[in-house]
1. Any chance region 45-59 includes a residue that's part of a loop (DSSP other than H, G, I, E, B), under 20 Å from Phe22 (Cα atoms), touching a helix residue (DSSP H, G or I) at 6+ places or on another chain (Cβ under 7 Å) and not hydroxyl-bearing (Ser, Thr, Tyr)?
2. With the condition kept exactly as written, say whether any residue in region 150-162 is in contact with a Pro (Cβ under 7 Å, 6 or more places away or on another chain) and within 30 Å of Asp333 (Cβ to Cβ).
3. Any residue in region 244-263 that is crowded, with 20+ Cβ neighbours inside 10 Å sitting within a Cβ distance under 7 Å of a residue that is aromatic (Phe, Trp, Tyr) and in a helix (DSSP H, G or I)? List the pairs, counting only those 6 or more apart or interchain.
4. So how many residues does region 9-36 have that are closer than 20 Å to His97 by Cα and in contact with a helix residue (DSSP H, G or I) (Cβ under 6 Å, 6 or more places away or on another chain)?
5. Starting from residues that are of a type in the set (Lys, Arg) and closer than 26 Å to Asp100 by Cα, keep the ones in region 240-268 and report whichever is modelled with the highest pLDDT.
6. Looking at Gly206, Gly215, which is the one that is among the small types (Gly, Ala, Ser) and surrounded by fewer than 16 Cβ atoms within 10 Å (Cβ to Cβ)?
7. I'd like the residue in region 184-198 that is part of a helix (DSSP H, G or I) and of a type in the set (D, E, K, R) and, out of all such residues, is farthest from Asn313 (Cα to Cα).
8. Applying the selection to region 315-344, what residues are of a type in the set (Gly, Ala, Ser) and either under 17 Å from Ser384 (Cβ atoms) or more than 17 Å from the chain's Cα centre (by Cα) (or both)?
Amino acid sequence: MKILFLTRVYPPIVGGLENQSFNLINNLKKINKETFTIINTKGKKNLPFFIPCSFFKALYLIWKNKITRLHLSDGVLAFEGFLIKKLTGIETAITIHGLDITYKNWFYQRTVPYFIKNLDKIICVSSYTKKQCIDRAIPENKITVVPNGVNCNQFILTEPKEILREKLSKKLNIELAGKKILLTTGRLVKKKGVEWFVSNVMTRLGENYIYLVSGDGKEKQNIENAVENNNLTQRVFLLGKTDFEVLKLLYNSADLFVMPNIRIEGDMEGFGIVAIEAGSCGLAVIASAIEGIKDVVINGGSTTLGPRKILGNLTMDSNSELVVTGPLHITGDFIMDSNTEIFLDESFGSVGTAIFVEGVVQFNSNAAVYGTSAMPRGHLLIVSTSSSSQAILVDGNGELEAALYAVNGSLVINSNGEVTAIIGKGVTLNSNAEINFDFGLILHVFSSSGGTGGYVVTNWREQ
């Protein structure tokens, strides 16, 4: 595949968009030799020069190398991509992050969404970003949500936490022994909520809690004022921009990562990749349940969940495991990547519980769902209320000991997929798909809890 990446954000400039462009391009180059690039390494000040030059360079590269795909790094390049597509007919995709669709400017909002919706594919980094695109009349059938990711091994340090904390203490010249360390990283802008956290949370915590803030930005002075006004100069430390080695020490030494974002009109948080970076080091994360931050990722390993309402998507990364301990209500999509497993907690015995999904449900290759080992078995009821033609999709070799119910849409089971029971407005079974009905489902009971108490659904049937 011949693909051209056009990006205005790239290292050595520091930032989330820059890192995303760098990792996307360089990892694709490893598997696709015919990857071409036009990149801006000099930041925003170079854009008046970069944009016209990159336009003509793109036309030349597409013509010379017969390139068939164009990818744009963000919404700011939508107009340029629109013109390139018009002149060459090249299939064009764009990644939308957040502010590049919500930027509060009358002219921007009248033009950029129009150019975006006339491209071939829109890749959103979160379900909230997708919603912002749909709200601006961008067709939903063109949009795919692909959350940002990180290389987990890039941040992990294997030395004991005590030793890492000593190293960090020496580098920062801050006494950390016996302290509870709260950490925030990222640009210091108002939406990050650091000033709010200093004024409203740090003032209520004990003296042994300290707050380390890595990053710089235009909100720094307001944060410093809040620290001074609340007499927190010995407990809140603004570290400025930190190098990668210090960043790794911070992630591996802290007790809690804090992402206290607040709503700022016209400036949304598209995803919040720093929370994923922190989590990759085993650091507990507490974050505001707003905007793109609400998308949940269960990364490799075992996690228990339920009962719980999840505002946004629930995505299980490859080779991860989830034990369901109560009903789940997911307001976005539910995606199980390849080689993931869900187990209904054994405490349910011969009863089951439900996962209600307002978006689509997708089981990728070799995904598996297991009931309990009791006789008769307890099963999961997985419900999608989406009206999509693939409201529930079971990809090849999926093995699902569960009842699947597409209330308003259709259900598709691809080759070699196995399911216990299915109900949908439309059902498609492709080659070698199997329905292995468990007669225990005829009198099955679905409960809110495997233990005592809670509510019980004693009967269910299709209306």
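1. Initially, region 45-59 is screened for residues part of a loop (DSSP other than H, G, I, E, B), giving none.
The answer is no; no qualifying residue exists.
2. First, pick out the residues of region 150-162 that are in contact with a Pro (Cβ under 7 Å, 6 or more places away or on another chain): none.
Taking every residue of region 150-162 in turn, none turns out to be in contact with a Pro (Cβ under 7 Å, 6 or more places away or on another chain) and within 30 Å of Asp333 (Cβ to Cβ).
3. Once the first residue is crowded, with 20+ Cβ neighbours inside 10 Å and sits in region 244-263, its partners that are aromatic (Phe, Trp, Tyr) and in a helix (DSSP H, G or I) give Val258/Phe197.
4. 4
5. Quick first cut of region 240-268, residues of a type in the set (Lys, Arg) only: 241, 248, 263.
Adding the requirement that they be closer than 26 Å to Asp100 by Cα leaves 241, 263.
Numbers: Lys241: 89, Arg263: 81.
That would be Lys241.
6. Details: Gly215 fails: surrounded by fewer than 16 Cβ atoms within 10 Å (Cβ to Cβ).
Going through Gly206, Gly215 in turn, the sole match is Gly206.
7. Quick first cut of region 184-198, residues part of a helix (DSSP H, G or I) only: 190-192, 194-198.
Then keep just the ones that are of a type in the set (D, E, K, R); that gives 190-192, 195.
Values: Lys190: 26, Lys191: 22, Lys192: 22, Glu195: 29 Å.
Here the residue is Glu195.
8. Looking only at region 315-344, we keep the residues that are of a type in the set (Gly, Ala, Ser), and these are 318, 320, 326, 332, 338.
Correct list: Gly326, Gly332.
The values are calculated or read from the model by the stated rules, or taken from the named source; none is laboratory data. It should be emphasised that the depicted structure is a prediction, and the values quoted were computed from it without experimental measurement. A quick note on method: Cβ atoms are made from the backbone with ideal geometry, for glycine too, and the neighbour counts reach across all protein chains shown.
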